[in-house]
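The values are calculated or read from the model by the stated rules, or taken from the named source; none is laboratory data. Here the structure is a predicted model, which is why all the values come from computation and not from measurement. Neighbour counts run over all protein chains shown; Cβ positions are idealised from the backbone, glycine included. Quick note on the areas: whole protein, heavy atoms, side chains included, nothing else; ligands and nucleic acids left out. Shrake-Rupley method; radii C 1.70, N 1.55, O 1.52, S 1.80 Å.
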Amino acid sequence: MIVDFRRVQSHEPIMIEDNSLEVVSEFKYLGITFGDKLNWNTQVDNMVSKVEQRLYCISRLAGFGLDFDRQLWLFRTMVLSLIMYCGPVWLSSCGKDQVDHLNRYCRKYIEITGECIDHEILVHTTRITASCGHPLSHYYHRTRRHYILPRMRTERFRNSFLPRSIKLLNVDL
């Protein structure tokens, strides 16, 4: 895959030991689908498809008399974990329509449980702040009264996981 934002794209074939490498427009790595334009349309479409399949499975089990606590556990493990997986990487650069599409399933979670997903973000954030070895832990600077937000120059960073989690931590203090 070659990431190139130019209008006219002309690339010479990449050769390794007299074998030409195939150029692809999408690549899946660790469950995240990267596109050559670095948009997340395919990632969101794949995720929505998986979420719909898993929600159908849970609804079928509910129809067979599965109790509410088990449904909630299945929802958290099968659906919410899928939405939250690598969210800081790709969610901040999604378009409004893609985020709205995913929010429909998040609202379903809130309807079922009465809980807000901000609770899940707080759980992840407390794990990050408790571990000194976590790659994000050095971004969480605390004064006596609150956590300090880092400088944010772009809108993409303002909408990412880090500022949202710091704001949630400051509300809880």
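Observations on the structure shown:
- Residue within the stretch 130-153 that is modelled with pLDDT under 80 and among the small types (Gly, Ala, Ser) present: yes
- Answer from 90, 73 - the residue that is at pLDDT below 75, of a type outside the set (Gly, Ala, Ser) and outside any loop (DSSP other than H, G, I, E, B): 90
- Of all residues making up the stretch 113-129, the number that are at pLDDT below 75 and open to solvent by less than 60 Å² (accessible area, probe 1.4 Å): 8
- Of all residues in the stretch 130-155, those satisfying the criterion of being assigned to a helix (DSSP H, G or I), under 19 Å from residue 84 (Cβ atoms) and of a type outside the set (Phe, Trp, Tyr) are 130, 137.
- Cross-chain or 6+ apart pairs with Cβ under 9 Å, the stretch 50-67 first and under 15 Å from residue 105 (Cα atoms) and touching a residue at least 12 places away in the same chain (Cβ under 8 Å), then of a type in the set (Lys, Arg) and open to solvent by 60 Å² or more (accessible area, probe 1.4 Å): 55/108
So that you can scan it fast, the table gives a plain yes or no per residue for (1) under 26 Å from residue 100 (Cα atoms); (2) among the hydroxyl-bearing types (Ser, Thr, Tyr); (3) modelled with pLDDT under 75:
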| site | (1), (2), (3) |
| --- | --- |
| 2 | no, no, yes |
| 7 | no, no, yes |
| 13 | no, no, yes |
| 19 | no, no, no |
| 33 | yes, yes, no |
| 43 | yes, no, no |
| 46 | yes, no, no |
| 52 | yes, no, no |
| 59 | yes, yes, no |
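- Filter pass, residue 53 being open to solvent by less than 60 Å² (accessible area, probe 1.4 Å) and either assigned to a helix (DSSP H, G or I) or more than 17 Å from residue 124 (Cα to Cα) (or both): no
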